[in-house]
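Chemist: Here it is: the structure, laid out below.
The values are calculated or read from the model by the stated rules, or taken from the named source; none is laboratory data. This structure is a prediction, so every number in the text was calculated from the model and none was measured. Ideal geometry is used to build each Cβ from the backbone, glycine not excepted, and the neighbour counts take in all protein chains shown.
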Amino acid sequence: MEFDFRLEGAGWAYADIRHDGQHARLTASYLSDALGDLLRAVRDLVAGSPSARCFWSEEPGEFWWVFENREGLVTLTIRWFGDQVDEPDDTGAVVFHTTLSLGELVDAIVDGAEDVLKRHRTEEYESLWIRAPFPEASLSAIRAERAR
């Protein structure tokens with residue numbers, strides 16, 4: 001899997017995610033801590049949680065990332081919810097769906113987050129993202145758990 005997260009002006013970001021012939025471009029505003037929430041969800045999976053989720057807010061709408069981990073194989077479904085974000089999970093439009101190993105998922109997300117840190121460093125990231133600092137604690141926890 002490939003994951004590329006880029007800050008685009010003050011309080012806006014986009015991500016390209018690719019796997020197994022699929023591609024999706026997702027956007028997020030500073031209304032959510034997009035990268036931080038994603039890293040916390042991946043941290044939960046690495047720590048043994050059978051499922052995790054995060055939400056990337058738009059103006060309006062949300063992307064919902066839903067992870068299901070079954071014996072080291074993770075199914076990732078990303079759905080788009082327009083104005084009606086309080087609907088049941090299965091009513092959003094699927095924009096990305098794949099199954100991959102937990103290790104492959106973790107490697108892609110960690111590599112993407114590390115690339116963000118290389119491009120912006122922590123101070124610049126916080127000034128561009130506005131509301132949240134770079135999620136260093138979650139990234140460090142994933143690295144530590146992965147090293148075991």
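Chemist: Would you be able to say whether some residue in the stretch 44-64 is assigned to a strand (DSSP E or B), surrounded by 15 or more Cβ atoms within 10 Å (Cβ to Cβ) and among the hydroxyl-bearing types (Ser, Thr, Tyr)?
Modeler: yes
Chemist: Is it true that some residue in the stretch 32-40 is surrounded by fewer than 18 Cβ atoms within 10 Å (Cβ to Cβ) and either modelled with pLDDT under 95 or in contact with a His (Cβ under 9 Å, 6 or more places away or on another chain) (or both)?
Modeler: Within the stretch 32-40, not a single residue is surrounded by fewer than 18 Cβ atoms within 10 Å (Cβ to Cβ) and either modelled with pLDDT under 95 or in contact with a His (Cβ under 9 Å, 6 or more places away or on another chain) (or both).
Chemist: Any idea how many residues of the stretch 84-106 are under 14 Å from VAL66 (Cα atoms) and at pLDDT 75 or above?
Modeler: First pass over the stretch 84-106, keeping only residues under 14 Å from VAL66 (Cα atoms): 88-100, 102, 105.
Still in the running and at pLDDT 75 or above: 91-100, 102, 105.
Of the residues in that region, 12 qualify.
Chemist: For the stretch 118-132, give me each residue that is surrounded by fewer than 16 Cβ atoms within 10 Å (Cβ to Cβ) and either at pLDDT 95 or above or part of a helix (DSSP H, G or I) (or both). Explain how you work it out, then say what you get.
Modeler: To start, the set of residues in the stretch 118-132 that are surrounded by fewer than 16 Cβ atoms within 10 Å (Cβ to Cβ) comprises 118-119, 121-124, 126-127, 130-132.
Residues satisfying the conditions are LYS118, ARG119, ARG121, THR122, GLU123, GLU124, GLU126, SER127.
Chemist: For the stretch 88-114, enumerate the residues that are in a helix (DSSP H, G or I) and among the aliphatic types (A, V, I, L, M). Break it down stepwise before answering.
Modeler: Within the stretch 88-114, the subset in a helix (DSSP H, G or I) is 89-91, 102-114.
Those that are in a helix (DSSP H, G or I) and among the aliphatic types (A, V, I, L, M): LEU102, LEU105, VAL106, ALA108, ILE109, VAL110, ALA113.
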